[in-house]
Amino acid sequence: MTILDRRAADLQDVVQDILKQFQCVHASAANGPHVELNMQELRVVEFLGNEGPRMMRELADHLTVAVNSMTGIVDNLEHKNLVHRQRSETDRRVIHVQLTEAGGAIHQSLVNVNLRLFRSMLGALTEDEQEIFMVLFRKIARAGRSQMNQMVSSA
């Protein structure tokens, strides 16, 4: 095994650890006394909060589920008064989904929890280390996107 292979394995472990931390944060934000959301519902609230109203097809693409599966997820969120559907005035076949005020409050709660986690992570570093980390992390993210794009285009 090469040094790069060992470091890639170490990176995998670190990324898995960080992902578990985010899942825990998401679960605590989603499962407050006011509402219980499963991970798919939480991802929809997060996506709509970040991107604004979206068509059902866009939500299904984001979650990588079929549109008919997305209907059930949106039904549940609508029942919890976190989203509502609105038909397009120009094309009645198109349905946009957007957050309600309650959904927006959950999204903001999730943003706040994430920011606390990010501050905690960065707080373990000096200011110089934070700058270096961000430069390196952006570089890693670009390389990962490039690899992902290659995989998608060759599929």
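For this structure, a couple of remarks:
- Taking all C-alpha pairs of the range 14-124, those more than 23 Å from each other amount to 31 percent.
- Distant-in-sequence amide H partners of His96 (H built 1.01 Å from N, under 5 Å): Gln86, Arg87, Ser88
- Cα long-axis angle, helix 39-51 against the chain (0 to 90 degrees, to the nearest 10): 90 degrees
- GNM result for the chain, Cα springs below 10 Å: residue of Gly144, Gly104, Gly49 fluctuating most strongly: Gly144
- Counting other Cβ atoms within 10 Å as a rough exposure proxy, the listed residues Leu115, Leu110 run Leu115, Leu110 from fewest neighbours to most.
- Pairwise centroid distance, computed over Cα atoms, of the range 94-155 with the range 44-74, Å: 18 Å
- Charges were assigned to the Cβ only: +1 to each Lys and Arg, -1 to each Asp and Glu. The resulting dipole of the chain about its Cα centre is roughly 340 debye.
- GNM top mover of Ile106, Ile95, Ile132 - the chain, alpha-carbon springs below 10 Å: Ile132
- Largest GNM mean-square fluctuation across Gly103, Gly123, Gly52, computed for the chain with C-alpha springs under 10 Å, falls on Gly123.
- Within the chain, longest stretch clear of exposed GluC sites (Glu not before Pro) (DSSP loop, no more than 13 other Cβ within 10 Å): 90-155
- The ranking of His107, His79 by Cβ neighbour count inside 10 Å, starting from the fewest, reads His79, His107.
- Proxy reagent accessibility, fewest Cβ within 10 Å first, across Phe47, Phe133, Phe118: Phe118, Phe133, Phe47
- Each Lys or Arg adds one and each Asp or Glu takes one away; over the other residues whose Cβ falls under 15 Å from the Cβ of His62, this sums to -2.
- Per-residue ³J(HN,Hα) for the range 142-151, Karplus 6.51 cos²θ - 1.76 cosθ + 1.60, θ = phi - 60°, Hz, x for Gly and Pro: 4, 5, x, 4, 4, 4, 4, 4, 5, 5
- Rg/Rh (Cα only; Kirkwood hydrodynamic radius) as it applies to the range 89-155: 1.19
Values in this text are rule-based calculations from the coordinates and carry no lab data. All values reported here derive from a predicted model rather than from experimental measurement. Heads up, the Cβs are rebuilt from the backbone with ideal geometry, glycines too, and the neighbour counts pull from every protein chain shown.
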